Amino acid sequence: MSRSSRISPAESLLRLLGACLLTSVSIPSSVLAQEGLGVGIAGGKTSRIQRVSSPPVIDGRLDEADWLRAPVIADLHQVNPVEFAAPSEETHVYVLYDRDAIYVGARMFDAEPARINALILRQGQQIGSDDRFFVHMDSFANRRSGYLFGVNPNGVRYDGIFENITQRSFDWDGIWQAAATIDAQGWAVEIAIPFKTLSFDPSNTTWRMNFLRNIARKNESMAWESRNRNTDLSTMGDVRGISQVDQGVGLDVVPSLSVRDRKDYVGTATDSDTHPSLDVFYKITPSLNASLTVNTDFSATEVDARQVNLTRFSLFFPERRDFFLQDVDIFQFGRLEQDGRPFFSRTIGLSATGQEVPIDYGGKISGRIGRFDIGTLAIRQEAFGTVDAADLFVARVAANVLEESSLGMIVTNGDPASNLDNSATGVDFRFLNSRLRGGRGVEGEAWVQQTDTEGVAGDDGAYGLGVRFPNSEGWSGGFDTVEYQANYNPAMGFVRRTGVRAYGLNFGDTLRPEGGKIRTLYSGIDAARIEFLDNGAVQSAAFRINAIDVNLDSQDAFSAGYTFAEEGLRQPFPIHPSHTIPVGNYKFEYTNVSVRTGDQRKLGAGMFVNDGGFYDGEQFGVGGFIGFRPNKHFRTNINYQYNDINFGPTRFITRLVRLQLDAVFSSTLSWTNLIQYDNQSETIGINSRLHWIPEAGREGYLVLNHNLQDFDKNNSFHTSFNEVTIKYSYTFRF
């Protein structure tokens, strides 16, 4: 079948919208969640926002008179170690707004300001090891989408979005301002979040928000609202009084220019180019976004961390490119994190080996209309190798139903890695009730997919069903089952195994001993069985006894477990050039032990050991890291993984070394270096990035990628590849 004879993307989208509309009207209106009313949960906390005539100066000092006149939120409570207990230190939060932005100020009192953890200075770096203050924001008041904005005492910003009620993604990057200062009272922060950065319903006068603080040295967290020690979209208070705000034209224009010089010493190819690109973001409405990318450039994207693969299945690498991370939560399907995803953006613009494939242009419309979440993406990918240029399309629609659940559909069209026609459709229902008695909750999902690949007929579907009872104290557990038929092929998605049915079960109990140094003590079991669909024989199975998992008040941790595993091979498995595992059924057992120190320490370390059987041989694996942060300007971390695989007649060893060296000159200028080596490819990869961020929305990079390879396997390394890129981008906001 030719590409032209397929249903067009536009027709597919119209059918999808129609189906979702029919589905929603068939459900009684009494059970549908009412979006945009800003109605708080009975007994929930509320506060009134203060409108100001002029914005505060964002310098972290809270010295403007408007802060003093604003209503104070001072009733934060402990989340950990004892939920709802009084915090050891007091926190005052203030919320202001004007026509253009929301402003949040917070005073974190601390009796020992010299002991405040503030070792992170590089913008965008995780701040979880420092003292920190976070704002959670549900701008639609619908308990299904939201933003996270965090700041440490150095004024380092860290942001993200809620992919759904409980899952977070910190790859999203918004334009906002923050500043912080440390003084004799503790530390203070000021945050300015422009309405141009947010999607929201302008008719809402009430937004749902939460305010959170962590004291690193005490391993103490506190929040305005929480439940079952969780602080997610279901646990927020109401902030009332937002009206008459302005997003401006709602247009962001982001031109960028990169100059790149590269040389392949193996193929003796040299290439130099100047690469202009343009990204345009436009808010059709305050809750619906359109974006356009032309001559897309991903040259400054961080490199992937190398992994050693001792399985016969593909590895998963996360998306890192900003264009695809915009509104990424809307495209989430069935709570699938890896396997079975009908859409995974890394299939676009990247070859199977991770090499960049040029994108001519692309467009996306995503956002929310009433109770519907809508996402559409169209990309024109250039030809590469033997693969023709391709038009790629994905559309996602989900309707909010019940109190915290959703019902949705997805469709994809196109294959970025071959010349075959391919499409996929899916329907999913995601259920959540976070308000069971005792602070407990239940979540589940059911989904079904169908793919259509040129030249393939039948056995091309997939389905899944799961339910979980998460709990931070006492028992917790869950069960799930999925099936991927033999010809299931989501060309724009991700799947490791097909022709299989899988079952998963987990159950455990978490204790929180009173007194002493133990924060949590967990024991439980995890069981999984993956079997071939044609005869029910085992492909993979594991029964793990989590004997002990201890987290201390000091944030140090220790765990130990024992696993019974089974692998069924229908084809020989060439695990290493020196050894191939023959067809057969293999049962083996192994022990896992791990220990690590808390992330807040200046000198930290961790180690894990795996020891036991491996197919018809034995495996001893050990790995560890040592990290040193003497101050906020310097950080180094070395990670080492070692595997000794012994099959009797043959034996091989894998090694993976990762060294990170960061020099942070200020909160606007940093130099990061990542050096990676593995003895399977016998390649040393060096990624060095000088990153300048004078302000949010402006960025400059100087990036070096340099590879050295031991061609003769004699420990003599020679340059195989070198690339230098200079890139600068500027965001114009209208």
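The values are calculated or read from the model by the stated rules, or taken from the named source; none is laboratory data. This structure is a prediction, so every number in the text was calculated from the model and none was measured. With ideal geometry, Cβ positions are generated from the backbone for all residues, glycine too; neighbour counts draw on all protein chains shown. Protein only, heavy atoms only, side chains kept; ligands, DNA and RNA dropped before computing areas. Shrake-Rupley method; radii C 1.70, N 1.55, O 1.52, S 1.80 Å.
Among the residues of the stretch 414-435, those that are outside any loop (DSSP other than H, G, I, E, B) and either of a type in the set (Gly, Ala, Ser) or touching a Lys or Arg at 6+ places or on another chain (Cβ under 7 Å) (or both) comprise SER423, ALA424, GLY426, ARG430.
Whenever a residue of the stretch 173-198 is at positive phi and outside any loop (DSSP other than H, G, I, E, B), its partners that are of a type in the set (A, V, I, L, M) and surrounded by 23 or more Cβ atoms within 10 Å (Cβ to Cβ), lying with C-beta atoms within less than 7 angstrom and at least six residues away or across chains, give the pairs GLY186/MET108. Here TYR361 meets each of (1) in contact (Cβ under 8 Å) with a residue 60 or more places away in the chain; (2) assigned to a strand (DSSP E or B); (3) under 30 Å from ARG227 (Cα atoms) with one exception, condition (3). Within the stretch 685-715, which residues are among the basic types (Lys, Arg), touching a strand residue (DSSP E or B) at 6+ places or on another chain (Cβ under 9 Å) and surrounded by fewer than 18 Cβ atoms within 10 Å (Cβ to Cβ)? ARG698, the sole residue that qualifies. Residue pairs whose Cβ atoms lie under 6 Å apart, sitting 6 or more positions apart in sequence or on different chains, and linking a residue in the stretch 135-148 that is part of a strand (DSSP E or B) to a partner that is modelled with pLDDT of 90 or more and of a type in the set (Lys, Arg), are ASP138/ARG208. If we scan the stretch 212-221, do we find a residue that is in contact with a helix residue (DSSP H, G or I) (Cβ under 6 Å, 6 or more places away or on another chain), within 22 Å of ASN152 (Cα to Cα) and surrounded by fewer than 20 Cβ atoms within 10 Å (Cβ to Cβ)? Checked against the condition, which is being in contact with a helix residue (DSSP H, G or I) (Cβ under 6 Å, 6 or more places away or on another chain), within 22 Å of ASN152 (Cα to Cα) and surrounded by fewer than 20 Cβ atoms within 10 Å (Cβ to Cβ), the stretch 212-221 yields at least one hit. For the condition touching a helix residue (DSSP H, G or I) at 6+ places or on another chain (Cβ under 9 Å), of a type in the set (A, V, I, L, M), surrounded by fewer than 24 Cβ atoms within 10 Å (Cβ to Cβ) and within 22 Å of GLN555 (Cα to Cα), ILE182 does not qualify.
Cβ-Cβ contacts under 8 Å between residues 6 or more apart (or on different chains), taken from a first residue in the stretch 273-289 that is within 13 Å of THR197 (Cα to Cα) and free of Cβ contacts under 8 Å to residues at least 40 places away in the same chain to a second residue that is open to solvent by less than 30 Å² (accessible area, probe 1.4 Å) and in a strand (DSSP E or B), are listed as TYR282/ASP252; TYR282/ASN289; TYR282/ALA290; TYR282/SER291.
Residues that are at pLDDT below 95 and part of a strand (DSSP E or B) were ranked within the stretch 209-236; the one that is farthest from ALA188 (Cα to Cα) is ARG227.
Residues in the stretch 429-447: is at least one hydrophobic (A, V, I, L, M, F, W, C) and open to solvent by less than 10 Å² (accessible area, probe 1.4 Å)? No: zero hits. Summed over the stretch 84-113, the residues that are assigned to a strand (DSSP E or B) and closer than 19 Å to GLY174 by Cα give a count of 6. When ARG733 is tested against (1) among the charged types (D, E, K, R); (2) closer than 16 Å to LEU278 by Cα; (3) buried (at least 16 other Cβ atoms within 10 Å of the Cβ); (4) out of contact with any helix residue (DSSP H, G or I) (no Cβ under 7 Å at 6 or more places or on another chain), exactly one condition is not met: (4). Going residue by residue through the stretch 311-327, is there one that turns out to be surrounded by fewer than 16 Cβ atoms within 10 Å (Cβ to Cβ), among the aliphatic types (A, V, I, L, M) and modelled with pLDDT of 80 or more? Yes. Restricting attention to the stretch 357-372 and to residues that are open to solvent by 20 Å² or more (accessible area, probe 1.4 Å) and small (Gly, Ala, Ser), the residue that is farthest from LEU465 (Cα to Cα) turns out to be GLY363. The residues of the stretch 328-356 that are assigned to a loop (DSSP other than H, G, I, E, B) and either in contact with a His (Cβ under 7 Å, 6 or more places away or on another chain) or buried (at least 18 other Cβ atoms within 10 Å of the Cβ) (or both), listed by number, are GLN332, PHE333, GLY334, ARG335, LEU336, ASP339, GLY340, PRO342, PHE343, PHE344, ILE348, GLY349.
Per the conditions (1) at pLDDT below 95; (2) surrounded by 17 or more Cβ atoms within 10 Å (Cβ to Cβ); (3) touching a Ser or Thr at 6+ places or on another chain (Cβ under 6 Å), the sole criterion not satisfied by SER578 is (2).
Note on the stretch 237-266: residues that are in a loop (DSSP other than H, G, I, E, B) and within 25 Å of PHE140 (Cβ to Cβ) total 10. Applying the condition of being assigned to a strand (DSSP E or B) and among the acidic types (Asp, Glu) to the stretch 461-487 and asking which residue is farthest from THR166 (Cα to Cα) yields GLU483.
The one condition from (1) open to solvent by 30 Å² or more (accessible area, probe 1.4 Å); (2) hydrophobic (A, V, I, L, M, F, W, C); (3) in contact with a Ser or Thr (Cβ under 8 Å, 6 or more places away or on another chain); (4) farther than 30 Å from TYR701 by Cβ that LEU257 does not meet is (4). Listed conditions (1) buried (at least 16 other Cβ atoms within 10 Å of the Cβ); (2) of a type in the set (Ser, Thr, Tyr); (3) without any contact (Cβ under 8 Å) to a residue 60 or more places away in the chain are all met by THR481, apart from (1). Taken over the stretch 56-74, the criterion of being under 32 Å from the mean Cα position of the chain (by Cα) and surrounded by 14 or more Cβ atoms within 10 Å (Cβ to Cβ) is satisfied by ILE58, ASP59, GLY60, ILE73.
Applying a threshold of 6 Å to beta carbon distances and a minimum spacing of six or more residues, or different chains, the list of pairs starting in the stretch 382-396 at a residue that is closer than 15 Å to PHE344 by Cβ and ending at one that is open to solvent by 60 Å² or more (accessible area, probe 1.4 Å) and of a type in the set (Asp, Glu) is empty.
For the stretch 287-303, the set of residues classified as open to solvent by 50 Å² or more (accessible area, probe 1.4 Å) and either under 30 Å from ASP246 (Cβ atoms) or out of contact with any strand residue (DSSP E or B) (no Cβ under 7 Å at 6 or more places or on another chain) (or both) consists of LEU292, VAL294, GLU302, listed by residue number.
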